[in-house]
Amino acid sequence: MTNNNNIVVFPFMAQGHIIPFLSLSLQLEQKGYQITFINTPLNIANLRRSLPPSSTIRLLDIPFDPVDHNLPPHCENTDSLPPSRIFDLLVASASLRPAFRNILKNLVDNECPPFCVVADFFFAWSADVSHEFGIFHVTFSGAGGFGLACYYSAWINLPHKNSVSGEFTLPDFQEAGKLQVSQLTPSLVAATGNDPWSEFQKINLPLWGNADGFLFNTIENLDKVGLSYFRRKFGRPVWAIGPIDSPLTDTSPTRNTGWETEKLLHFLDSKPTSSVLYISFGSQHTITPSQMMQLAIALDKSNKSFIWVVRPPLGFDMNTEFKAEEWLPENFKKKAEEENRGLVVEKWAPQLEILSHKSVGGFMTHCGWNSVLEALSRGVPLLGWPMAAEQFYNAKMMVEIAGVCVEVARGVSFEVMSEDLRVKIEEVMSEDGKGKEMRKKAFDIKTMIEEATRDEDGFKGSSVKAMQDFLQAPLLIKKQQK
Ligand code: UDP
């Protein structure tokens, strides 16, 4: 450990970015590093409330007024903006550059130059600013290697533009195999190379090469294909340090009362091993009214036990109460509960506790990377229903590389048929055949993850070793420069 042990951490202003950065910060804090966590004032105020009281993480405001960028007042996080305005926040975030420079300059002038800057891939410009002060800079991704590699390559190459069939490969990432236009987000499908999103990416993506290295919340042996893309593309070290636990999902938005959690666990206790299907589409996504109906019918017909986390379907105010009698088949919720077959939970469930329970045998997920890692760490196979961002590629990786997932639908415009869903649910939940095979593979991955994070005398797993190598890297560079 050096005297200079201050690490500056700087995520983009979205919960999906802030949470993994905070989890990483807590891990680095435990190793004795002093963390300076930078974000815009409202995000910092929120973090102050969720940080454990004993934490020494220093939360630092970076000045930002959304109104200056024609954004609504107080909207400093993607979660307070409609999807159509998220891009505007991304563009506005580039204006943080001079203030970020000032922060680093102050730290350097006050004789506590940071040991390292860990920044978001949307803040690729921060590498140049860090290097101006001779500070080591790494890009951290809460997304996995494969998902981010597909994302990067698709944006850099826009290969789907030349595809007549709707199928294409990524020219510089052929190992990813075939992709379909239905696996791209609307902004990517619409990208011409000259539209605002493309213009932003044309500036941002090439700057990734300025980082001194990349940190990924993933596991080397699981994600080799994706990680090798970045090694090849940028010739920089790539450290797979995951899975980074996210203790804050347990404590921060605790939207379940103790009573609700108790009820869920009691339900799971009453069920046989690997017999319950858990369904959740992450912290912000939902499905359409007709998809919701079809899923409910499929659950009814499959006769499998389930826990389903619901929020109002697309087109309804997410903050209103869930109307089971309107959005689900008549009596569905009541009957499932009375028969002790299924629980419909509103908005939020204690996911880690549910996935850790031995009665859970499958997880229908939108394939957000945190959800994927949480399931894999517990040996739970997946039914993938990707909705946005790099989730489509995560699902692809889980199906084709990991072999632990059956994809059931894509996005909210996919026409879901209850019969098709039922077949896929029964396939994954079955005690023999494909279900058994997938469960075995998921168990092997769980063991692989345990190995990667094992830290004992004489043995260091790949993630432990990667974290050590990352923390050594700034020191090695300094030595070489002397
Ligand atoms: N989560 C949870 N309960 C819920 C929904 C989500 O605890 O009802 C947690 C989940 O455990 C995960 C995070 O929220 O850690 C969701 O992250 P992910 O990357 O899967 O998806 P996102 O919400 O970013 O789309």
Note on segment 166-191: residues assigned to a loop (DSSP other than H, G, I, E, B), free of Cβ contacts under 8 Å to residues at least 24 places away in the same chain and over 20 Å from Glu415 (Cα atoms) are Thr169, Leu170, Pro171, Lys178, Ala190
Can you name every one of the helices (runs of 4 or more DSSP H) wholly within segment 33-128 that holds 1 or more residues which are crowded, with 20+ Cβ neighbours inside 10 Å, of a type outside the set (D, E, K, R) and under 23 Å from the mean Cα position of the chain (by Cα)? 41-50, 83-93
Restricting attention to segment 350-359, and to residues there that are within 30 Å of Phe140 (Cβ to Cβ) and either open to solvent by 10 Å² or more (accessible area, probe 1.4 Å) or part of a strand (DSSP E or B) (or both), which single residue is farthest from the ligand (Cβ to nearest atom)? Ser356
The one condition Val399 fails out of (1) open to solvent by less than 30 Å² (accessible area, probe 1.4 Å); (2) among the aliphatic types (A, V, I, L, M); (3) more than 29 Å from Phe322 (Cβ to Cβ) is (1)
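In this structure, is Lys441 open to solvent by 60 Å² or more (accessible area, probe 1.4 Å), modelled with pLDDT of 95 or more and closer than 30 Å to Ile297 by Cβ?
For Lys441, the condition - open to solvent by 60 Å² or more (accessible area, probe 1.4 Å), modelled with pLDDT of 95 or more and closer than 30 Å to Ile297 by Cβ - is met.
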What number of residues within segment 308-345 are out of contact with any Asp or Glu (no Cβ under 6 Å at 6 or more places or on another chain), more than 21 Å from Leu383 (Cβ to Cβ) and crowded, with 17+ Cβ neighbours inside 10 Å? 2
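One line per residue, one yes/no per condition, for (1) among the polar types (S, T, N, Q); (2) surrounded by fewer than 23 Cβ atoms within 10 Å (Cβ to Cβ); (3) assigned to a loop (DSSP other than H, G, I, E, B):
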site	(1), (2), (3)
Tyr393	no, no, no
Phe414	no, yes, yes
Arg422	no, yes, no
Gly435	no, yes, no
Do the conditions hold for Val399, that is, is it among the β-branched types (Val, Ile, Thr), within 16 Å of the ligand (Cβ to nearest atom) and in contact with a strand residue (DSSP E or B) (Cβ under 7 Å, 6 or more places away or on another chain)? no
Which one is nearest to the ligand (Cβ to nearest atom), of the residues in segment 297-324 that are among the aliphatic types (A, V, I, L, M) and touching a residue at least 40 places away in the same chain (Cβ under 8 Å)? Val309
Return a yes/no flag: does segment 27-45 have any residue that is closer than 24 Å to Ser463 by Cβ and within 16 Å of the ligand (Cβ to nearest atom). yes
Please specify each residue of segment 1-32 satisfying the condition of being within 20 Å of Asn77 (Cβ to Cβ) and part of a loop (DSSP other than H, G, I, E, B). Pro11, Phe12, Met13, Ala14
Right, Glu374: within 13 Å of the ligand (Cβ to nearest atom) and surrounded by fewer than 23 Cβ atoms within 10 Å (Cβ to Cβ) or not? yes
Which numbered condition Phe123 fails, given (1) farther than 29 Å from Glu29 by Cα; (2) at pLDDT 95 or above: (1)
Counted residues, segment 451-462 - those being among the charged types (D, E, K, R) and within 12 Å of Asn221 (Cα to Cα): 1
Take the residues in segment 172-197 that are closer than 11 Å to Ala154 by Cα and more than 20 Å from the chain's Cα centre (by Cα), then tell me which one is surrounded by the fewest Cβ atoms within 10 Å (Cβ to Cβ). Val189
Taking Thr218 and the conditions (1) part of a helix (DSSP H, G or I); (2) at pLDDT 95 or above; (3) within 16 Å of the ligand (Cβ to nearest atom); (4) not basic (Lys, Arg), which numbered condition does it fall short on, given that it satisfies the others? (1)
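The values are calculated or read from the model by the stated rules, or taken from the named source; none is laboratory data. What you see is a predicted model, and the numbers here were worked out from it, not measured in a lab. Note that each Cβ is placed from the backbone with ideal geometry, even for glycine, and that neighbours are counted across all protein chains shown. To get the accessible areas, we keep the full protein, side chains included, count just its heavy atoms, and leave off ligands, DNA and RNA. Shrake-Rupley method; radii C 1.70, N 1.55, O 1.52, S 1.80 Å.
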